[in-house]
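Read through the structure below, which is laid out as structure tokens, and then see the notes.
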Amino acid sequence: MNPLDWDQSPERRALADVIADILNADAGKVLHGLCEAGVPWIGISEDAGGSGGDLGDAAIAARTLAAHHLQSPVAENSFVAGWILELVGIPVPRSLVTVAFESGPAVRVERTLDDWRLSGELHLVPFAAQSSAIAVLVDFDGLPGIALIATSDTHLDETCNLGGDARCTVTFHDVAPQGFGFLPAGMSIPDCRARLALLRCIQIAGALRSIRDMTVRYARERVQFGKPLSAIQSIAQSLARIAEQTLLIEAAVALALEEPSTWNCAIAKTTAGQGAKDATMLAHQVHGAMGISSEYPLGAMTTRIWSWLEEGGRSKDWAAYLGNRFLSQSSPTLWTTITH
Amino acid sequence: MPDAQGALRNRVREFLGRELAAGGFAPRCDSWLIGFDPAFSARLGAAGLIGLMLPTEYGGQGLTIRDRLVVSEELLAAGAPVAAHWFAERQFAPALLRLGTAEQRAEWIPRITRGELFMAVGLSESDAGSDLAAVRTKATPVQGGWSVSGTKLWSSGAHHAHVIVVLARTSGERHEGLTQLIVRLPDPSVVIRPILAMNGEHHFNEVVFTDTFVPHADVLGEPGRGWKQAMEELATERAGPERYLSTFPLLHQVAQGLLPGCESQAHIGELIAAISTFRVINMRVVEHIEANRTDAIDIAMLKDMGTVFEQRTIDVALDMINDHHRSQPVPKSALSLLRDAQYQAPGFTVRGGTNEVLRGIVSKGLLL
């Protein structure tokens, strides 16, 4: 099967349907249902306390959860935090763990006689108030590690991002972590952050596909000048450009899902940044004033995409990462780098 | 992407390495259009690197279109002069396999795989550019075949070609009643005049047919089905790495010698991301063609995005050259690659269907 068709297998479609059914239940039962079904631990091996399944399964889950505006770190848990905890060898809790990369000036890590103590401030932590613990990426004497901090040991300052998803500023002082470990040799904090970047790209790609379909529908139904908008050439060309950017980002996501190296995740986030802004603006342009209304779903999708573009590293930063890694080779040649 | 064709890729690289070491070619941008070198094509054919996906009975290697994709992208990235045989291998051979008679295949395909047969495309006319159904070149039935009269424009390499495949009206109107005919060149009734490009180079031609006789045996496919056949051919023509790698030799050259942390590093990252992603789409398109499913919409999207990207890369290259100036002189070869890319750039988004036409195909597909 072609990597671009990663979401097309019957198993993956069935998984998406199961999760969508849970999400469509009474609001009060959703989270319980997801946990019962093991959704927050998809992609984490059963040995490490997860639900099993692979990265593609975790991706289809993340996309489905995002489409339903779930306000809980279920995807962050399965796709990022659980993955790192398993790599480091910290047992994955059966409660929700979110993940924090955006530290303030510094998270201070101190070694005590038999434990660790952490103090610091974290920004834009996704769904911290809905989590039981926060996986914090830290640096101790130049060694990258991860600390699992109980949310109850922190002070939360709740806000939300542009797209309306809960984000917190988290402060903590002299806290003993529930777990602490160093990343495996050769692995860096950017390598972990790349996984969050990929998660955001999956969410962006999913939302863009919805925007594409919604915009095509609108252009077909809305009549102006005595004909549907879609009969106006400039509008039809805009529809094509939205579809193109959607395909491009989906392809970049597919590449990273097939081989989730930091390099490929960086490619995905770089690609998303170039196309998603244009596509959302074009979609609004086709919708005219309608897109701006809070009663119409386009605005919420657009602003969430813009937030996701900012999170997990911006496109420009990941592009610089790619370029820098390319130029750091002893005798870099562009083509062998691309086809490595 | 895991590279299932790694061994083949290495074979092409070894061939290109030997060629470069022996001064066999100088890399050029857009080499599939402006890099005409029959001797190079013959050497490539002798190395077994043309027509890999063609059946062994005709001198091919019975491999897949995916294998051809690997060879194509390696050649284009290196700026190798492949223009002589490019059109014949890319679209004439597949068209013959789809539509040709046993005799036609046996006559043409072995010469294509040897890199010895050059084919020109006879589609556009003065009043039929994007509106291809407006072609006025006529073929009228005569004893034993057809008589063709009319004028084709923009036929790349027709002045070197052994055949030109002409789309002509045999009956009907618009999309009905068009027929594809194989005209052998040279022919005293066919006059080929150069249309010089803006840099003065001769690649394009005006081809005038006056009562040119084409025997029944040289009709391609079915009379009257020419429109559908030409559209299929265009889809395969559009579905290649030549729609995003035309400026690659320039990018390769100017990216060398830059230092980590330089201003261009994010630009280079963007180039890497874009090309890597186009390759994913290209691979799926090719896999689907192999499974007898032509994704005309995906192909149109890839070509639209890829060619806009190609044009944008020239500014990126200029930025990188600027970056170079602070540390070291820019090699002369880079400047000549830049010149080529700049002259060729306006054509990127026009040839093989303008981007507006492509977006029209995409939006029609979306609105179905």
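Using only Cα atoms, find the angle between the long axis of helix A:27-36 and the longest principal axis of chain A, and express it within 0 to 90 degrees, rounded to the nearest 10.
Between helix and principal axis, roughly 60 degrees.
Pairs of Cα atoms under 8 Å, at least six residues apart: use those to get the relative contact order of chain A, whole percent.
Relative contact order, chain A: 14 percent.
Given labels modelled 7 Å from the Cα in the Cβ direction, how far is it in nm from B:Gln143 to B:Arg13?
6.2 nm
Using the number of other C-beta atoms within 10 angstrom as an exposure proxy, rank B:Arg43, B:Arg339 with the fewest first.
B:Arg339, B:Arg43
Along the positive direction of the dipole of the range B:170-328 (beta-carbon charges: Lys, Arg +1; Asp, Glu -1; about the Cα centre), which of B:Ser264, B:Val190, B:Met301 reaches farthest?
With unit charges placed on the Cβ atoms, the residue in question is B:Ser264.
Assigning unit charges at the beta carbon (Lys, Arg +1; Asp, Glu -1) and nothing else, what dipole magnitude in debye, to the nearest 20, does the range A:3-182 show about its Cα centre?
About 180 debye.
Using only alpha-carbon positions, what ratio does the radius of gyration of the range B:38-193 give when scaled by 2.2 N^0.38 Å?
So the range B:38-193 has a normalised radius of gyration of 1.09.
Roughly how many Å is it from the Cα centre of the range B:181-201 to that of the range A:101-171, as a whole number?
Rounded to whole Å, the Cα centres lie 71 Å apart.
To the nearest Å, what is the center-to-center distance of the range B:29-76 and the range A:234-285, using C-alpha atoms only?
32 Å
Grab the beta carbon distance between A:Ile189 and B:Glu356, set R0 = 41 Å, and tell me the FRET efficiency rounded to 0.05.
Efficiency for this residue pair is about 0.35.
Two decimals is fine: what's Rg over Rh for chain B, C-alpha atoms, Kirkwood radius as Rh?
Result for chain B is an Rg/Rh of 0.97.
Roughly how tilted is helix A:233-258, in degrees to the nearest 10 and between 0 and 90, from the longest Cα axis of chain A?
30 degrees
Starting from the Cα of A:Met1, step 7 Å toward the Cβ, then list every residue of the range A:228-256 with an amide N under 11 Å from that point.
Under 11 Å, as judged by backbone N against the label point of A:Met1, lies no residue of the range A:228-256.
Residues in the range B:111-137 near a label at B:Thr294, defined as backbone nitrogen under 17 Å from the 7 Å Cα→Cβ point?
Answer for the range B:111-137: B:121-124, B:132-133.
Pull up all non-local amide H partners of A:Arg167: gap of 5 or more, or a different chain, and H-to-H distance under 5 Å with H placed in the peptide plane.
Distant-sequence amide H within range of A:Arg167: A:Phe127, A:Thr159, A:Cys160, A:Asn161.
Only residues of the range B:240-284 count here: report those whose backbone N is under 15 Å from the spot 7 Å along Cα→Cβ of B:His325, or say none.
B:263-264
Alpha carbon centre of the range B:81-147 versus the range B:270-343: separation in Å?
Rounded to whole Å, the Cα centres lie 28 Å apart.
With labels modelled as points extended 7 Å from the Cα through the Cβ direction, what inter-label distance (nm, one decimal) is found for A:Val18 paired with A:His123?
Label at A:Val18, label at A:His123, 4.0 nm between them.
Quote the relative contact order of chain B in percent (integer), defining contacts as alpha-carbon pairs under 8 Å separated by 6+ residues.
About 16 percent, as a whole number.
With chain B treated as a Gaussian network of Cα nodes joined by springs under 10 Å, which of B:Lys152, B:Lys228, B:Lys332 yields the largest mean-square fluctuation?
B:Lys332
Would you work out which of B:Ser147, B:Ser246, A:Met281 lies farthest towards the positive end of the dipole of the protein assembly as shown? Charges go on Cβ: Lys and Arg +1, Asp and Glu -1.
B:Ser147
Among A:Leu247, A:Ala197, A:Ser131, which residue has its Cα furthest toward the positive end of the charge dipole of chain A, with +1 on Lys/Arg Cβ and -1 on Asp/Glu Cβ?
A:Leu247
Read phi for every residue in the range B:120-132 and hand back ³J(HN,Hα) as whole Hz from Karplus 6.51 cos²θ - 1.76 cosθ + 1.60, θ = phi - 60°, with x for Gly and Pro.
So the Karplus estimates, Gly and Pro as x, are 10, 9, x, 10, 5, 9, 4, 10, 9, x, 5, 8, 5 Hz.
Within 10 Å of each Cβ in A:3-16, how many Cβ atoms from other chains are there, averaged over the peptide?
What the average comes to for A:3-16 is 1.
Where the only charges are on Cβ atoms (+1 Lys, Arg; -1 Asp, Glu), what is the dipole of the range B:1-134 about its Cα centre, to the nearest 20 debye?
That gives a dipole near 460 debye.
Size of the dipole of the range A:189-339 about the Cα centre, Lys and Arg at +1 and Asp and Glu at -1 on the beta carbon, nothing else charged, in debye to 20?
Here the size comes out at about 240 debye.
What's the angle, to the nearest 10 degrees (0 to 90), between helix A:10-23's Cα axis and the longest principal axis of chain A?
80 degrees
Binning at 5 angstrom from zero up to the longest distance, how are the C-alpha pair distances of the range A:189-339 distributed in percent?
So the P(r) values, bin by bin, are 2, 10, 18, 18, 16, 12, 9, 7, 4, 2, 1, 0, 0.
What are the semi-axes of the equivalent ellipsoid for the range A:3-182, taken as the square roots of 5 times the Cα gyration tensor eigenvalues, largest first, in whole Å?
Working from the Cα gyration tensor, I get semi-axes of 30, 18, 14 Å.
Can you tell me the length gained on complete extension of the stretch B:His216 to B:Ser126, counting 0.36 nm per residue apart and subtracting the Cα distance?
Taking B:His216 through B:Ser126 to full extension adds about 29.7 nm, to one decimal.
Expected output is a single nm value to one decimal: the length gained when fully extending between B:Leu259 and B:Glu57, i.e. 0.36 nm times separation in residues minus the C-alpha distance. What is it?
67.6 nm
For chain A, modelled as a GNM with alpha-carbon contacts under 10 angstrom, which of A:Tyr218, A:Tyr296, A:Tyr321 fluctuates the most?
A:Tyr296
Mind checking the full-extension length gain between A:Arg108 and A:Asp26? Use 0.36 nm per residue of separation minus the Cα-Cα distance, one decimal, nm.
25.3 nm
For B:Lys138, go through the lysines and keep the ones whose alpha-carbon is under 24 Å away, minus same-chain ones fewer than eight residues off.
Partners within reach: B:Lys152, B:Lys228.
Can you pull the one-decimal nm distance between simple spin-label points at B:Ala39 and B:Leu20, each 7 Å off the Cα toward Cβ?
The answer from the label model is 2.0 nm.
Just list whichever of B:Lys303/B:Lys364; A:Lys269/B:Lys364; A:Lys227/B:Lys364; A:Lys277/A:Lys316; A:Lys227/B:Lys303; B:Lys303/B:Lys332 have alpha carbons separated by over 20 Å in the model shown.
Distance filter (> 20 Å) returns A:Lys269/B:Lys364; A:Lys227/B:Lys303; B:Lys303/B:Lys332.
Here, each number is a calculation from the coordinates, and none is a lab measurement. Everything numeric here is computed off the predicted structure, so don't read it as measured data. Note that we place each Cβ from the backbone using ideal geometry, even for glycine, and neighbour counts take in every protein chain shown.
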